[in-house]
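The next block holds one structure in the form of structure tokens; read it before the comments.
The values are calculated or read from the model by the stated rules, or taken from the named source; none is laboratory data. These figures come from a predicted structure and were not determined experimentally. With ideal geometry, Cβ positions are generated from the backbone for all residues, glycine too; neighbour counts draw on all protein chains shown. Surface accessibility is based on the protein's heavy atoms, side chains included, excluding ligands, DNA and RNA. Shrake-Rupley method; radii C 1.70, N 1.55, O 1.52, S 1.80 Å.
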Amino acid sequence: AIIKGETTGRKNMPLLFGIDRIVQTVQTGKTFPKDIFQSLSTYTAWSKENKKAPMDLFDDVIGVRFTDEAVQEVILKFNPEQAPFIKSQPWHGTQEVITDNKKEFTISICVRPNDDLLTLILSQHGNVEVVAPDALRKNIIT
């Protein structure tokens, strides 16, 4: 985790990078603050919520990109042919099936919309439609 300050426009928002992207390490002699993960609960987006452990920060997001967005119900309508895959590989732990018939397959998830969710939706190549929330729908259309 790398902590960025006010210059990013997101005060106290950590940036996380996948360990699979590390190509080289260099020993610098600098120390790592052992309490950095303890202090994650003080970040703006989660300071008002009951997050107890660092991993709790990921309960409301898809992926690892933090956002100041509130948790929202996201409703997604898929081509019915996608149903078996979406059922077998849920997008999020809160996923619930709303409609499952020959004409449509619709689910809801309760997450903080972030860039990882946008990427996942766009990766479906037109096989999914954002029904709600309206701001996310407009963002995907744009």
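Considering only the stretch 69-84, state which residues are over 11 Å from the mean Cα position of the chain (by Cα) and not small (Gly, Ala, Ser).
Pass one, the stretch 69-84, residues over 11 Å from the mean Cα position of the chain (by Cα): 70, 72-84.
Scanning the stretch 69-84 gives Gln72, Glu73, Val74, Ile75, Leu76, Lys77, Phe78, Asn79, Pro80, Glu81, Gln82, Pro84.
Specify the residue that is farthest from Asn139 (Cα to Cα); the eligible residues are those in the stretch 94-126 that are in contact with a helix residue (DSSP H, G or I) (Cβ under 7 Å, 6 or more places away or on another chain) and charged (D, E, K, R).
Lys102
Open to solvent by 80 Å² or more (accessible area, probe 1.4 Å) and either modelled with pLDDT of 85 or more or under 15 Å from the mean Cα position of the chain (by Cα) (or both) - does that describe any residue in the stretch 29-49?
First, the residues of the stretch 29-49 that are open to solvent by 80 Å² or more (accessible area, probe 1.4 Å): 30-32, 34-35, 37-38, 42, 48.
Those still in the list that are either modelled with pLDDT of 85 or more or under 15 Å from the mean Cα position of the chain (by Cα) (or both) too: none.
No; the residues of the stretch 29-49 include none that is open to solvent by 80 Å² or more (accessible area, probe 1.4 Å) and either modelled with pLDDT of 85 or more or under 15 Å from the mean Cα position of the chain (by Cα) (or both).
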